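First the structure, in the form of structure tokens, and then the observations on it.
The values are calculated or read from the model by the stated rules, or taken from the named source; none is laboratory data. Just so you know, these numbers come straight off a predicted model, no measurement behind them. Positions of Cβ are generated from backbone atoms using ideal geometry, with glycine treated the same way; all protein chains shown enter the neighbour counts.
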Amino acid sequence: MKGSRDTWILTAVLAAFVVGVCWFSARQTLVSDTPSSYSTGKRGTKAFYLLLQELGLRVGRYRGRMNALPAEARLLLIVDPDAIEPADAAALARWVRKGNTLVLAVSRSFAVPPEFQVHQRPEFPSDPVVARPMRGPYADGVRRVRMDPQVSVRTSRAIVARHGRAFAGEQPLGRGRVIVLGDPLILANSMIREEDNVVLLTNVVYENAGESGLILFVEPEVFLAGEKKAAPAIGRAGKLALAQLAFTVLLVLISAGWRFGAVHPLPERTEKRRAWEFVRAMAGLYRRAEAREAALGAVYQSFRRQLHTRFGVSADAAPAAAAQAVLRARPVDLAQLTALLSRCDQIAAGRKTSDDEMIALTRSIEEFRSELGVGV
């Protein structure tokens, strides 16, 4: 009977600890799904952060107060904030007035500070909004975007609107501007690949930060706290597993003191560790699989804008006509440039490409940029 009682006690303790480990591990996973450039969850913005890096732009993360922004920062992204302190709002407004750009993706729970001169109201649409952006510098190469707006915004210029309501807009502030997106998920891993969302967002970045300006993602404090807790070699789940092992050994020792004869060892348990390496690998695969054509499209659209600015080549010009216009101004390999523009147009129209071809096309674009003296 004593052995049977010990078995029941040991089983109950093990079951309680298994439930505890699963519960705390699930909580740790939920904390990581935040609007952060570190997060690979649905609400995270890591895919957009890595895409900007792949495009060769200067991108970083910012954790400090808004009155200490780096002098070289040109564009700041704040995604779904809980609140902005009045002192930070005033500092941000001063920073924007100097000629910089603030991109603010908000939900219905966030009140835009009055310093930004932007108004909003909650929206409860039954269906996502799929619309062509308004004419302007951000609409280049964008057929339509997909949003699930939480708010509608009132600014001096609408970027995305439907039925008279703007769900993304731009408001001048001094020499700079505030861009408000009424759906935080448009930048998130789960929606950035929808329609032409990524092209619209990269257009916003290129137009406001250029190719050399510093782009900063503001990190939420909640996620940073989660990162600090997950940093030790043994996380919360590992500590609970060690506590489980310690209690099991203690019960075995107590049981050994109550009975005569040899102690029968419990079956060996193998603790299953969380595969953080697998999460990182999946983030890389997602970036390459989902954003290949979009990344090349953003580089190509930037190249076409530079040809238009330097040589007057129309953005709608056919590849052969565009190459001829460049040749009239500069000596260039006409056949090679025509072939490059033709293939990039095909990919922009929906043709698939491979990693090797994307790298080769990007390298060719950079070589032509250097030869023609554009983008430097």
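If you take the residues of the range 118-177 that are of a type in the set (Asp, Glu) and under 29 Å from Ala89 (Cα atoms), which of them is modelled with the lowest pLDDT? Checked the range 118-177; the qualifying residue modelled with the lowest pLDDT is Glu123.
Counting only strands (runs of 3 or more DSSP E) that sit wholly inside the range 57-142, those with at least 3 residues that are over 23 Å from the mean Cα position of the chain (by Cα) and over 18 Å from Met191 (Cβ atoms) are 119-122.
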